[in-house]
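S.K.: Encoded as structure tokens, here's the structure I'll be asking about.
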Amino acid sequence: ARGQVRDDEPPYHHSVPRWHELPHQLVQTGLEVCLCGSDHRLGHSPPVLQRLLGLIGAASFWPLTVYFPIEMYIARAKVLKLSFNWVCLQALSLACLLVSLIAAAG
């Protein structure tokens, strides 16, 4: 009957899913929590490590948020080389690279 405990099963039996059985969003959320937690812990570190984190952030800004998306857009939209749009996108990428280098320097 419902609510009765069987003799061969412990009263609080729960199966724990394996890593590959977890939903993708749950795994991604867990990894994001770990990343934010580690960033938070490193943020409370001595000033030398804080400067290192700033350098890593400045170095990863340009390729991850500017260069790769612009290059993917150019490839997907089949923008012709040396066209007005291509030159403007490359100028934007170069400007963001300079900003990242200046941020990394100081």
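S.K.: Mind checking whether some residue in segment 48-56 is open to solvent by 60 Å² or more (accessible area, probe 1.4 Å), part of a helix (DSSP H, G or I) and among the charged types (D, E, K, R)?
M.R.: Yes: one or more hits.
S.K.: Report, ordered by the first and then the second residue, all pairs with beta carbons closer than 7 Å, sequence separation of six or more or different chains, a first member in segment 80-102 that is among the hydroxyl-bearing types (Ser, Thr, Tyr), and a second member that is at pLDDT below 95.
M.R.: Between residues of segment 80-102 that are among the hydroxyl-bearing types (Ser, Thr, Tyr) and residues that are at pLDDT below 95, the close pairs are 93/66; 93/67; 93/70; 100/58; 100/61; 100/62.
S.K.: Spot the failing condition for residue 40; the list is (1) surrounded by 14 or more Cβ atoms within 10 Å (Cβ to Cβ); (2) part of a helix (DSSP H, G or I), and only one is missed.
M.R.: (1)
S.K.: Looking at segment 51-64, I want the residues that are farther than 11 Å from residue 97 by Cβ and have a partner that is of a type in the set (D, E, K, R) and modelled with pLDDT of 75 or more with Cβ atoms under 9 Å, at least 6 apart or on another chain. Which pairs are those?
M.R.: 53/39
S.K.: Out of 67, 73, report the one residue that is surrounded by 14 or more Cβ atoms within 10 Å (Cβ to Cβ) and more than 18 Å from residue 54 (Cβ to Cβ).
M.R.: Going through 67, 73 in turn, the sole match is 67.
The values are calculated or read from the model by the stated rules, or taken from the named source; none is laboratory data. In this text, all values refer to a predicted model and were calculated from it rather than measured experimentally. Every residue, glycine among them, receives a Cβ derived from its backbone with ideal geometry; neighbour counts consider all protein chains shown. Calculation scope for accessible area: heavy atoms of the full protein, side chains included, ligands and nucleic acids excluded. Shrake-Rupley method; radii C 1.70, N 1.55, O 1.52, S 1.80 Å.
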